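Below: the structure, in structure tokens.
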Amino acid sequence: MKMSKGRIGRHLLGLAVICGALAASGAAFAELGQPAPWEYTLQGSATPVMDNIIWFHRVLLIIITVITLFVLALLVTVMVKFNSRSNPTPSRTTHNTLIEVAWTLIPVLILVGIAVPSFRLLFLQLDLPKADLTIKATGKQWYWSYAYPDNGKFEFDSLLACDEERTKCDAPRLLAVDNEIVVPVDKVVRVETIGADVIHSFAVPAFGIKIDAIPGRLNETWFKATKTGKFYGQCSELCGKDHAYMPIVVHVVTDQEFATWVEAAKKKFAAAKDTTYASAAESAAR
Ligand SMILES: [Cu+2]
């Protein structure tokens, strides 16, 4: 089958329009802070770190697309112009200094060009700014415990909630918890993570954070949520049979709402202290 150049062009244009429409609809249906059906891009951003991750991802995608198309064009040219039928007496050229220098130097320059924003992003993620509050997240088989050392030293367990009663629960499947992390908006939150039994991983896609919670070692990361709402994450290190059932929910609220929540939480979790899984395990170990 032979296709004219014009027809190929129209097909490619059609494909590009379909891809563009899919990308636009994917973004439109996605709700901030949670996964969406048929989503294939990154989750929307709610922190400066995630803004940077998305930017870097897009830049890399453009670079690798251009490189791939370039290599494809070279391959097609070789196949069409230099096959034995169209080029029966091949050239005996073995070296070309200019091309050899170019194919060494250009990839080096591309890699250096990628390294600069890559390191800038790494430093942004790993260089903790001065924190407004600290949360300690302890990964356990198979739930999370959170402590608020700066706000009254209360702690609580956060377990998967309302999975059997899907109809009563408006949270996304397998992502709701009974006790959510509550943090104020536009504040730098330091997250310390540790594992109580095996390695877990604390990850919230919309914040661009994912950090292992390792027994005997305190890890830390940070986020500054710039939007209010609920942001869902999951344990991201295979940690045993119920690994899929230990979600993370961060509820970002205003300063006022946070202060009110802290007061209520102090009372609620002080009363519940002896009945939490964390405390029960601790007293059992004593
Ligand atoms: Cu896990």
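Values for this structure:
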quantity	calculated
Residue selected from segment 129-145 under the condition touching a residue at least 60 places away in the same chain (Cβ under 8 Å) and under 17 Å from T47 (Cβ atoms), by the criterion nearest to the ligand (Cβ to nearest atom)	A137
Strands (runs of 3 or more DSSP E) (entirely within segment 179-269) containing at least 2 residues that are more than 18 Å from the chain's Cα centre (by Cα) and either surrounded by 16 or more Cβ atoms within 10 Å (Cβ to Cβ) or more than 12 Å from the ligand (Cβ to nearest atom) (or both)	181-184, 188-195
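Here, each number is a calculation from the coordinates, and none is a lab measurement. Everything numeric in this text was worked out from a predicted model, so none of it was measured. Neighbour counts run over all protein chains shown; Cβ positions are idealised from the backbone, glycine included.
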